[in-house]
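Step one of this worksheet: look at the structure below.
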């Protein structure tokens, strides 16, 4: 079913990195959500009115809110596809994150309303009117929401859409919520338990949880949450595959929306290499990484001394020490500056975010350097490695 819809409405559906294709996926996903949720809402309002069920009516209102969320998704996807302009030189891609946040807020507001209604039903319970037709509508709703969850996940996964992934989470909570409503109807009919209000409370809790998760995830993206480790690994691997690229560090990826990332990094190259040839390698790396990973890359060359026995010996000694004794920390840009009474080793050490105080670490590295040569004095600059977690 999903593939049929995508084949029917999304031209060139395999080219998911193309912004036009992304827009079509987002549009199909949002419009499908609008149609399905409006249909479910109408059916449940009818069932709720006939049976007098607060939980069913609450679930209908939730579906109506979902339809509104799909409208917000549709608007945000369309705006996100707008080209760059004078006011937005990096495009409008983050509008997808704002749209997902809007969906999360709508879910939270509906959850609060459902909570109020559920509490009222607990304080003033009323008997339910059970009917197999009404119960069948709820079962059909559960199955349809299950399909919609899978559909949103499929479409959202193909284009990495925060808005569609938020809608998928909402659909999953709706499945659980409607299941709770169906159970309350069975309990009332066969066991004469008045649990409608309590099930409404369960519905409200599930909706609030879904809304909180969506808002948290989206706010993390807008504020610059954890970087994409898989993307970082691919960039590192591709860079190190080029001749004369001796090391990579200071990788940063700036997210301006799905498919609109800009990366900057430092590449270590031989200081005695041919500058023109090295520049050609860097240019080729930027172009090929951009084409393969759909990301703009800016690479800074760091020349490092190679072939000097004492420098190489110091580099290998400290690199091994950091790997074995300091949880695999990385060293880069080492320079050896001889003096009359001491020899300065000037280098950088990349620390994972959240490492903490570096006083003890600095003393350990200095002691390790003096083991190699008592004249060594370390001048260390600590920078951040955004692609490794703190282990200390």
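Throughout, read-outs are computed from the coordinates displayed, never taken from laboratory work. For clarity, every value in this text was computed on a predicted model and none was experimentally measured. Quick reminder, even Gly has a Cβ in these numbers, built from the backbone with ideal geometry, and neighbours come from all protein chains shown.
So for each of 157-166, 135-144 I average, over its residues, the number of other beta carbons within 10 Å; can you give me the resulting order with the highest mean first?
Details: 157-166: 24.3, 135-144: 17.1.
The densest-packed peptide leads the list: 157-166, 135-144.
Using mean Cβ contacts within 10 Å as the protection proxy, how do 317-328, 145-156 order, highest first? Don't skip to the answer; put the middle values down first.
On the way: 317-328: 15.4, 145-156: 20.8.
The most tightly packed comes first, giving 145-156, 317-328.
Per the Kirkwood treatment, what hydrodynamic radius in Å, one decimal, follows for region 227-304 from the mean inverse distance over all distinct Cα pairs?
Values: mean 1/r = 0.0793 Å⁻¹.
By the Kirkwood definition, the hydrodynamic radius is 12.6 Å.
For the chain, what is the convex hull volume of its Cα atoms per residue in Å³? All intermediate terms of the calculation are to be shown ahead of the outcome.
On the way: hull volume 70.5 nm³, N = 392.
Taking only Cα atoms, the chain has a hull volume of 180 Å³ per residue.
Suppose each label sits 7 Å from its Cα in the direction of the beta carbon; what would the residue 82-residue 35 distance come out to in nanometres?
2.8
Okay, helix-only estimate at 222 nm for the chain: each DSSP H run of n ≥ 4 adds -39500 (n - 2.57), divide by all residues, round to 500 deg cm²/dmol; what do you get?
-21500 deg cm²/dmol, from helical runs alone.
Post the alpha-carbon centroid distance, region 279-333 to region 169-213, in whole angstrom.
Using only Cα atoms to place each centre, the spacing works out to 55 Å.
Of 301, 199, how do they rank once you tally other Cβ atoms within 10 Å and put the fewest first? Display every interim value, and only then the final one.
Values: 301 16, 199 27.
Going from sparsest to densest Cβ surroundings: 301, 199.
If the chain between residue 271 and residue 353 were fully stretched, how many nm would it gain, using 0.36 nm times the residue separation less the Cα-Cα distance?
Values: separation 82, 0.36 × 82 = 29.52 nm, distance 2.99 nm.
Working it through step by step, the gained length comes to 26.5 nm.
Run through all the Cα pairs of region 103-213 and give the fraction in each 10 Å bin from 0, expressed as whole percent.
Answer for region 103-213: a P(r) of 15, 39, 31, 12, 2 percent.
With a 10 Å radius around each residue's Cβ, average the other Cβ atoms per peptide and rank 16-26, 86-96, highest first.
Highest to lowest by the protection proxy: 16-26, 86-96.
Using r as the Cβ-Cβ distance of residue 139 and residue 229, and R0 as 51 Å, what FRET efficiency do you calculate, to the nearest 0.05? Working shown, then result.
Values: r = 41 Å, r/R0 = 0.80.
So the FRET efficiency works out to roughly 0.80.
Using only the Cα atoms of region 12-91, what are the Rg and Dmax in Å?
Cα only, region 12-91: 17.5, 57 Å (Rg, Dmax).
Taking only Cα atoms, what is the 0 to 90° angle, nearest 10, from helix 162-190's long axis to the longest principal axis of the chain?
Its long axis makes an angle of about 40 degrees.
With the contact rule set at Cα under 8 Å and sequence spacing of 6 or more, what percent relative contact order holds for the chain? Write out the running numbers ahead of the final one.
Working: 657 pairs, mean separation 50.3, N = 392.
That works out to 13 percent.
For residue 242 and residue 362, calculate 0.36 nm times their separation in residues minus their Cα-Cα distance, and state this gained length in nm to one decimal. Could the numbers behind the result be given before it?
On the way: separation 120, 0.36 × 120 = 43.20 nm, distance 3.27 nm.
Extra length from residue 242 to residue 362 when fully extended: 39.9 nm.
Multiply the residue gap between residue 280 and residue 192 by 0.36 nm, knock off their C-alpha separation, and tell me the result in nm, one decimal place.
Numbers: separation 88, 0.36 × 88 = 31.68 nm, distance 7.91 nm.
That pair, residue 280 and residue 192, stretches by 23.8 nm at full extension.
With a Förster radius of 45 Å, plug the Cβ-Cβ distance of residue 337 and residue 291 into 1/(1 + (r/R0)^6) and report the FRET value to the nearest 0.05. Don't skip to the end; give the middle numbers.
On the way: r = 41 Å, r/R0 = 0.91.
E between residue 337 and residue 291, to the nearest 0.05, is 0.65.
In percent, what relative contact order does region 227-304 have, based on Cα pairs under 8 Å that are 6 or more apart in sequence?
Reported as a whole number, the value is 31 percent.
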